[in-house]
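Enquirer: What follows is a single structure, and I will ask about it in a moment.
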Amino acid sequence: MKNATSPLRTRRIVLAAAVTASALLLSACGSAAGPAANPASTGSAGAGTTAPAPRVALTYDGGIAVLDGKTLELEGDLPLEGFNRLNPAGDGRHAMVTTAEGFQVLDMGTWTDAGGSRQAEPQLTDLIFKADKAGHVVRHDGKTVLYADGTGETTIFETDALLDEPTKLPETEVVPAEEAHHGVSIVLKDDTLLTTVGNSQSRSGLRVLDKDRKEIARNGECPSIHGEGTVADEIAVFGCSNGVLVYEAGTITKITAPDKYGRMGNAYVTDTSPIAVFDYNADPDAEGYLLHQLGLIDTKAKTMKVVDLPDGVEYTWRDVARGPNEEILLLGTDGSLHTLDPVTGETTSSLPVIDAWKGPAEWQDPHPALTVLGGTAYVTDPAKKALHAIDLATGKVTTSKELPGTPNEITVVEG
C-alpha cells in the first residue's frame, strides 16, 4: 500500500479533480450517470470523510457490492449478470471486471475532489478493454497488463492512465501470442515482456521479449504454466505442473518439484520478499479443489520447500495471501485464519473467523475467500452472506457486515 505522502498518492489526489468533472455511464442499465463527485449522496460516501479510503468490491449472483473498506458499510450495489471476476487495476481507484465482452472498468469511487475529502458513488463505467475470453490481470511497476485467452493478446497500459482520462480508454500496446491459450504476461521495469507459451490444448513454457518485442530467451520446460508473480529485486516466477520457472536478469531457471507431479498454479508474493509462495498439489488424480500443501520458493537460492498444513486444514487458491510483514496468511477449511512463517512454513498463530466449510463442486462456485490490504484482512463468509475484517496487528475481527447476496469474487483498492 502506498504511503499517504508518496508522490503517487499526491498525483492521485491532484488528478481526482479531473475525475470530479467527468460523467461516467452505468453500463449495467445503459443510461448516463451523474458526475463522479456527488456530495448529496444518500449513502455514507463523503459523510465526515477527510481523506481517500479503501473500498472492497464483491461479486454475487446478479451484481457487484462495493463497501467502505473501514466500516464495511454498503456504498454501492451494481447490477451485473453472469459469473464475473474482479481484479484491482492498480491505481488505487479502479478495478477490472472480467465480463463476456472483455475487461470492464469499475470505478470504486475512493475519492472525488482535489482535496480527497469525499468519496464518490461507485460506478460500473462503459469503458471496456475488448477481449476474447478475458483472463489474467497483472500489475507491476506502473503498468497494468491484460491477457485475452481467446486470442493470446497481451494488452499493456500505464496504470495511472485511467486517472488521467477517466472517461476514455487509455493508449495501449497490444502484443500478439504465437498461439492463443490460457496465459499471462508480466512487464518489467525495463519494459521486458515475459509471456507464456501454449495453444488451445496445452501450455508449455515462457518467452522473454525485449523492449522492441524481439525474443531474447525461452524455456519450454514448464508444462501447464500458470500463476505468476514478481518478488524482491524484480525476480519473476511462474508455476508449472512439475516445479517453477524463475526469471532473473535475462536468465530463466527451472526449479523442479520434489514430486514427479508437483503443480503450482497460483503465486502469492510481495515485492520486498525473495520468497514466493505457491499453492501445491502432488496428486494428479485428486478430486475437487482443496489443497493441503504449500510450495515455498527461495528465488535467491533457487530452492524449493513443500510444507504440509496441520491436520484438518485445507484451502483453495482463493484462501492465501501475504501480510504486511511478508507473512503467509491462509484461510483454512477449519474456518481459522492461519499465519505461517514464509521461510520455514511453520504455523505461528491461528484465529477462528468463520465456521468450518467444504470445498466447491466447481471452481466458480462461491466459497470463502481471503484478501489483504495493509494491516487488514478481509474474509468472505458465503454461508452467512457476510464479510469480516480482521486487524492483523491485534488478531481480532473488528467488523462484520451482512451482504446483499452470497459473496464470490473479492478485490480491494487502497484509496
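The values are calculated or read from the model by the stated rules, or taken from the named source; none is laboratory data. Because the structure is predicted, anything quoted here is derived from the model rather than measured. Heads up, the Cβs are rebuilt from the backbone with ideal geometry, glycines too, and the neighbour counts pull from every protein chain shown.
Enquirer: Among the numbered criteria (1) in a strand (DSSP E or B); (2) of a type outside the set (Asp, Glu); (3) over 25 Å from ALA95 (Cβ atoms); (4) in contact with a Pro (Cβ under 6 Å, 6 or more places away or on another chain), which one does MET304 miss?
Expert: (4)
Enquirer: Contact list please: Cβ distance under 8 Å, first residue in segment 141-163 and on the phi > 0 side of the Ramachandran plot and buried (at least 19 other Cβ atoms within 10 Å of the Cβ), second residue outside any strand (DSSP E or B) and not aromatic (Phe, Trp, Tyr), pairs at least six apart or on different chains.
Expert: Correct list of pairs: GLY152/PRO176; GLY152/ALA177; GLY152/GLU178; GLY152/GLU179; GLY152/ALA180; GLY152/HIS181; GLY152/GLY183.
Enquirer: Here's something else I'd like to know. Pick from THR299, THR272, THR303, THR316: which is under 18 Å from the mean Cα position of the chain (by Cα), modelled with pLDDT of 95 or more and over 30 Å from PRO366 (Cα atoms)?
Expert: Details: THR299 fails: under 18 Å from the mean Cα position of the chain (by Cα); THR303 fails: under 18 Å from the mean Cα position of the chain (by Cα); THR316 fails: over 30 Å from PRO366 (Cα atoms).
Unique residue meeting the criteria: THR272.
Enquirer: Okay, moving on. What are the residues in segment 77-112 that are in contact with a helix residue (DSSP H, G or I) (Cβ under 7 Å, 6 or more places away or on another chain) and among the acidic types (Asp, Glu), if any?
Expert: Within segment 77-112, ASP91 is the sole residue that qualifies.
Enquirer: Suppose we keep only residues that are under 21 Å from LYS260 (Cβ atoms) and touching a Ser or Thr at 6+ places or on another chain (Cβ under 9 Å) within segment 211-236. Which one would you say is surrounded by the most Cβ atoms within 10 Å (Cβ to Cβ)?
Expert: ILE225
Enquirer: How many residues, within segment 275-287, are of a type in the set (Gly, Ala, Ser) and modelled with pLDDT under 95?
Expert: Of the residues in segment 275-287, 1 are of a type in the set (Gly, Ala, Ser) and modelled with pLDDT under 95.
Enquirer: Scan LYS211, LYS168 and give me the residue that is closer than 22 Å to ALA89 by Cα and not in a strand (DSSP E or B).
Expert: It is LYS168.
Enquirer: Condition (residue is in contact with a Leu (Cβ under 7 Å, 6 or more places away or on another chain) and either at positive phi or among the β-branched types (Val, Ile, Thr) (or both)) applied to segment 255-273: is it met by at least one residue?
Expert: no
Enquirer: Here's another thing I want to ask about it. Applying the selection to segment 271-329, what residues are among the polar types (S, T, N, Q) and either more than 19 Å from ALA232 (Cβ to Cβ) or without any contact (Cβ under 8 Å) to a residue 40 or more places away in the chain (or both)?
Expert: If the condition is that a residue be among the polar types (S, T, N, Q) and either more than 19 Å from ALA232 (Cβ to Cβ) or without any contact (Cβ under 8 Å) to a residue 40 or more places away in the chain (or both), then ASN281, GLN293, THR316, ASN325 are the ones that fit.
Enquirer: Same structure, new question: Sort through TYR247, TYR280, TYR289 and tell me the only one that's assigned to a loop (DSSP other than H, G, I, E, B), hydroxyl-bearing (Ser, Thr, Tyr) and either more than 20 Å from the chain's Cα centre (by Cα) or farther than 28 Å from ILE216 by Cα (or both).
Expert: Just a single option satisfies the conditions, and that option is TYR289.
Enquirer: Just to be sure I understand the filter: pairs with C-beta atoms under 9 Å, separated by 6 or more residues or on different chains, first member in segment 345-356 and without any contact (Cβ under 8 Å) to a residue 12 or more places away in the chain, second member surrounded by 12 or more Cβ atoms within 10 Å (Cβ to Cβ). Which pairs pass?
Expert: Sorted first by the residue in segment 345-356, then by its partner, the pairs are GLU346/VAL307; GLU346/LEU340.
Enquirer: I need the full set of residues from segment 247-267 which are crowded, with 23+ Cβ neighbours inside 10 Å and either hydroxyl-bearing (Ser, Thr, Tyr) or closer than 19 Å to GLU362 by Cβ (or both), in order please.
Expert: TYR247, ARG263 - these are the residues of segment 247-267 that are crowded, with 23+ Cβ neighbours inside 10 Å and either hydroxyl-bearing (Ser, Thr, Tyr) or closer than 19 Å to GLU362 by Cβ (or both).
Enquirer: Of the conditions (1) more than 22 Å from the chain's Cα centre (by Cα); (2) exposed (fewer than 15 other Cβ atoms within 10 Å of the Cβ); (3) not acidic (Asp, Glu), VAL174 fails just one. Which one is it?
Expert: Going through (1) more than 22 Å from the chain's Cα centre (by Cα); (2) exposed (fewer than 15 other Cβ atoms within 10 Å of the Cβ); (3) not acidic (Asp, Glu) one by one, VAL174 breaks only (1).
Enquirer: Out of ASP355, ASP341, report the one residue that is in contact with a helix residue (DSSP H, G or I) (Cβ under 7 Å, 6 or more places away or on another chain) and surrounded by fewer than 18 Cβ atoms within 10 Å (Cβ to Cβ). Steps first, please.
Expert: On the way: ASP341 fails: in contact with a helix residue (DSSP H, G or I) (Cβ under 7 Å, 6 or more places away or on another chain).
After ruling out the rest, the residue left standing is ASP355.
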